[in-house]
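The block underneath contains the structure these notes are about, expressed in C-alpha cells.
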Amino acid sequence: MSSYNLLQVRASLFSFCSWSSMGNKPTKQEREVVFPLAQDRQEILLKVVPPLDHAYLRWLARDLERVHGFTPGNCRAVTPPDHYTEYMRLQGWLDVNLDDPDLAHLFPGK
C-alpha cells in the first residue's frame with residue numbers, strides 16, 4: 001500500500017470522526033432537587049446578615065478614602081523608552097502643532 005493511500009485512509013477516518021461529533025447534542029435532563037426536610041413541611045430560606053461592628057465600618061471607610069483619595073504630591077514626568085518614541089514618530093503621532101486652532105481648547109492660558 002502506498003503512502004498516498006495511507007494518507008487518504010487516515011484523512012477519511014479523521015473526517016468521519018469529526019463529522020460524527022458535529023451537530024446538536026441532546027439536552028441534559030434536569031432533575032428536581034428535593035431536600036429531605038422540605039418534604040414534610042414548607043420552609044422559607046432566609047439570608048441573614050450578621051450585625052456589623054460600627055467601629056470596623058468607620059475604620060474601613062477611612063481606610064478606603066485614604067487609599068482611593070491618594071494623589072502623589074510631586075510626581076515627575078516619565079519619558080517613554082526610545083523605541084516607543086521612534087514608533088510614534090514613524091506613525092506621525094509626534095507631529096503636533098500646538099498652535100493648531102483645533103487644539104486651542106486644550107490650552108486655556110494661550
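We did not get these values from a lab; they are worked out from the coordinates using the rules stated. The structure displayed is predicted, hence computed values, not measured ones. Neighbour counts are summed over all protein chains in view; Cβ atoms, including those assigned to glycine, are modelled from backbone coordinates with ideal geometry.
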(request) Report the calculated FRET efficiency for Asn74 and Asp102 (r = Cβ-Cβ distance, R0 = 41 Å), to the nearest 0.05. (result) 0.80
(message) Averaging over every viewing direction, what projected area does the convex hull of the Cα atoms of the stretch 38-78 cover, in nm²?
(response) 6.8
